[in-house]
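Q: Just passing along the structure, written as structure tokens.
The values are calculated or read from the model by the stated rules, or taken from the named source; none is laboratory data. Please read these numbers as outputs of a predicted model, since none were measured by experiment. Here the Cβ positions follow ideal geometry from the backbone for every residue, glycine too, while neighbour counts run over all protein chains shown. With ligands, DNA and RNA removed, areas are computed over all heavy atoms of the protein, side chains included. Shrake-Rupley method; radii C 1.70, N 1.55, O 1.52, S 1.80 Å.
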Amino acid sequence: MDSAVIILIAGAIYVALYFSYGKALQNRLVKADPNRPTPAHKLYDGVDYVPANPVVLYGHHFASIAGAGPIVGPAVAMAWGWLPGLLWVWFGNVFIGAVHDYLALMSSVRYDGKSVQWIAGKLMSKRTSMAFELYVWFSLVLVIAAFGAVISGIFVGTPGAATASWLFMLVAVILGLLLYKWQIDFKLGTIIGILLLIGAIYLGFKYPIVASKHTWLIALGIYVIIASSLPVWILLQPRDYLNAYILWFGLILGGLAFIVVGVKGLGTFTAPAFTTWSANVVGGKPSPFWPTIPLVIACGALSGFHSIVGSGTTSKQLDNELHGLMVGYGGMFTEGFLSTLVISSIAVYGLQVFKDLKIPVDYNNWGSQYAIQVVSHGLKVKIFALGYAHGLNDAFGISVHAGALFASLWVAAFALTTLDTATRLGRFAWQEIMEMVHGPDILKNKWIASIILVAFGIYMAWGGSWLIIWPAFSGMNQMLASIALMTSSLWVAKVQSPHGNWKWAVVIPALFLWITVTAALVWFLVVVKPGFWVSLITIVGLLLNVMLVIDWYAAWRKPAEEYAAMAT
């Protein structure tokens with residue numbers, strides 16, 4: 001197979017289905033109305049409810065949902081070969097991920113920016129809302145643990161990315177002040193922001209900051225506690241707007257590079273298309289592709305975390321209902337294209353990277369050694385960064401060092417966004433739980449709520465095995481997607497289109513995903529036998545998951561007339 005062919009097929013799939021399947025969901029299920037006021041206008045408060053330019057909001061949403069997930073997961077899933085992971089990404093994007101993201105966003109928009117947990121409570125029961133909130137909070141602890149481990153690893157392995165990332169945050173604050181405080185021309189502010197961003201990348205290249213993993217984990221913990229409590233216009237919106245430029249530049253440059261490499265005859269996939277059904281992946285154990293694939297590819301195909309972002313921060317910033325398709329549906333497709341690029345870069349250059357680094361992985365032992373060697377040598381992100389960099393070098397003559405630094409910054413910038421967005425959302429969830437149980441006021445304080453969440457997450461990342469933490473996070477995340485999609489299926493079937501057949505486009509993927517991930521998490525507990533804290537969170541998640549699906553079934557049996565009051 002050739003990289004140019006794969007990139008062109010992916011592009012054709014995403015463009016065609018955005019304008020066909022996506023538009024059908026917008027018009028037949030959501031029934032988007034540009035004249036209906038969104039929560040950003042109805043409830044404007046200058047902190048969380050702030051209407052955003054659709055391009056700015058797209059940048060925030062994508063950067064928040066992407067993080068390192070669409071890169072790390074597909075990179076590790078290459079242990080099964082490039083074909084299984086690629087098919088899962090495409091299948092998951094089209095039939096599950098994009099549908100899930102768009103409906104979670106738009107159902108929240110219809111209910112004043114309320115969370116998907118709140119909507120589940122209204123559609124099912126109060127018990128459902130509490131169970132969902134607890135599940136979300138535990139899932140966000142694992143998000144912080146997994147992404148804290150990934151970012152600290154990037155900063156240790158590529159110190160220049162650390163310098164550039166922290167300077168990038170400073171640039172974002174400057175841009176936020178220019179656009180919102182001093183209200184300069186939007187285009188002028190964009191130009192200034194991009195120039196400062198280029199300067200940050202250059203300074204990162206020249207002045208790398210060297211520190212240990214634990215030092216970076218402490219710094220990251222302090223950063224996310226502060227960043228998650230700032231008004232969205234100071235850091236979140238401008239940073240993620242600039243992230244959109246990094247994203248598009250990286251995707252377009254990488255996509256063109258691997259097309260050019262293919263045309264030059266240098267893009268032949270050297271990695272195996274398929275290795276074995278049970279490659280050594282999760283916890284270093286032989287892992288059957290089904291059902292364990294969602295324990296590895298956490299975001300590239302679909303992600304429950306997206307529903308928390310969509311209904312947590314994005315829905316409060318949507319300026320017009322018609323922008324929802326580009327932000328929610330298009331954001332998931334963009335993530336899928338990124339994962340396609342990751343798989344292509346490793347499929348072409350993975351063996352060369354292993355050879356250059358003198359790591360004992362070859363074509364014949366790929367299935368048994370790939371994932372173990374990638375994790376033990378800290379290559380979870382680096383194997384993509386180096387493969388991507390080799391592609392830029394072969395296509396355009398860009399140095400491998402410069403290309404790898406840019407790719408590492410790209411991943412770090414998105415992962416930092418996910419980290420502080422997860423903290424903000426975890427704070428919301430904790431405060432809502434405290435309200436439900438009538439907890440003391442001190443535990444409702446935003447700083448206390450953030451500190452509890454972050455301390456727990458950083459503690460798990462401090463000494464935990466990545467091959468254990470990542471599958472636990474990924475499994476809880478994918479289960480969250482099935483529960484959120486079930487919630488959306490009720491909204492569609494009982495409120496939006498009670499007499500239509502399109503509801504099955506939501507229900508069938510939700511049930512398939514629930515069965516798959518439940519089986520995967522049970523396998524994880526029985527075969528991998530993770531440590532105490534990971535096992536405890538996973539068991540609690542499974543119990544809450546069973547309770548939620550029982551509540552969903554009870555609500556599904558109710559007549560649509562009982563939900564008439566929820567119509568908007």
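Q: Hydropathy at least 0.0 by Kyte-Doolittle, axial extent at least 24 angstrom from the Cα trace: which helices of the chain, defined as entire DSSP H runs, fit?
A: 126-157, 159-176, 186-206, 236-263, 330-356, 400-436, 446-463, 466-490, 504-523, 532-556
Q: Going by Cα centres, the range 354-418 and the range 245-289 are how many Å apart?
A: Result: 10 Å between the Cα centres.
Q: How many angstrom lie between the Cα centre of the range 55-105 and the Cα centre of the range 448-507?
A: 14 Å
Q: Right, another one. Among the listed pairs LYS380/LYS503; LYS122/LYS316; LYS114/LYS285, which are separated by more than 30 Å between their Cα atoms?
A: LYS380/LYS503; LYS114/LYS285
Q: What whole-number value in Å² describes the accessible area per residue of the chain for a 1.4 Å probe?
A: 34 Å²
Q: How many nm separate the modelled label positions at SER535 and TRP556, each set 7 Å beyond the Cα in the direction of the Cβ?
A: Rounded to a tenth, the inter-label distance reads 3.3 nm.
Q: I would also like to ask the following. For the range 472-568, which trypsin sites (Lys or Arg not before Pro) are in a loop by DSSP, counting at most 13 other Cβ atoms within 10 Å?
A: Loop-located and lightly packed - ARG557.
Q: What's the carbon and sulfur percent of the chain's accessible surface, probe 1.4 angstrom, rounded to a whole number?
A: Answer for the chain: carbon and sulfur cover 69 percent of the accessible area.
Q: Cβ neighbours within 10 Å, averaged per peptide: list 274-286, 442-454 in order, most packed at the top.
A: 274-286, 442-454
Q: So for the pair SER125, LEU177, with labels modelled 7 Å out along Cα→Cβ, what separation do we get in nm?
A: Output for this residue pair reads 5.3 nm.
Q: Okay, moving on. Given [x] 0.97; [y] 0.90; [z] 1.08 as candidate values of Cα Rg over 2.2 N^0.38 Å, which corresponds to the one derived from the coordinates?
A: Calculated Cα Rg over 2.2 N^0.38 Å: the matching label is [y].
Q: Now for a separate question. Can you classify the range 106-245 as rounded, prolate or oblate using the Cα gyration tensor, where a ≥ b ≥ c are the square roots of its eigenvalues, rounded means a/c under 1.5, and otherwise it's prolate if a/b beats b/c and oblate if not?
A: oblate
Q: Determine, from the Cβ-Cβ distance of LEU543 and GLU435 and an R0 of 22 Å, the FRET efficiency 1/(1 + (r/R0)^6), rounded to the nearest 0.05.
A: It comes out at approximately 0.45.
Q: Is the range 225-335 rounded, prolate or oblate when judged by the Cα gyration tensor, a ≥ b ≥ c being the square roots of its eigenvalues, rounded requiring a/c under 1.5 and prolate requiring a/b larger than b/c?
A: The shape class here is oblate.
Q: Could you compute the FRET efficiency for LYS285 and LEU251, with r as their C-beta to C-beta distance and R0 at 22 Å, rounded to 0.05?
A: Calculated transfer efficiency: 0.05.
Q: Follow-up. Which whole-number percent is the relative contact order of the chain (Cα, under 8 Å, 6+ apart)?
A: Result for the chain is 30 percent.
Q: Which of the peptides 179-188, 51-60 is most tightly packed, and how do the rest follow, judged by the mean count of other Cβ atoms within 10 Å per residue?
A: Per-residue Cβ counts within 10 Å, averaged per peptide and sorted highest first, yield 51-60, 179-188.
Q: So what's the back-of-envelope 222 nm ellipticity for the chain, counting only DSSP H runs of four-plus at -39500 (n - 2.57) apiece and dividing by all residues, rounded to 500?
A: The helix-only estimate for the chain comes to -22500 deg cm²/dmol at 222 nm.
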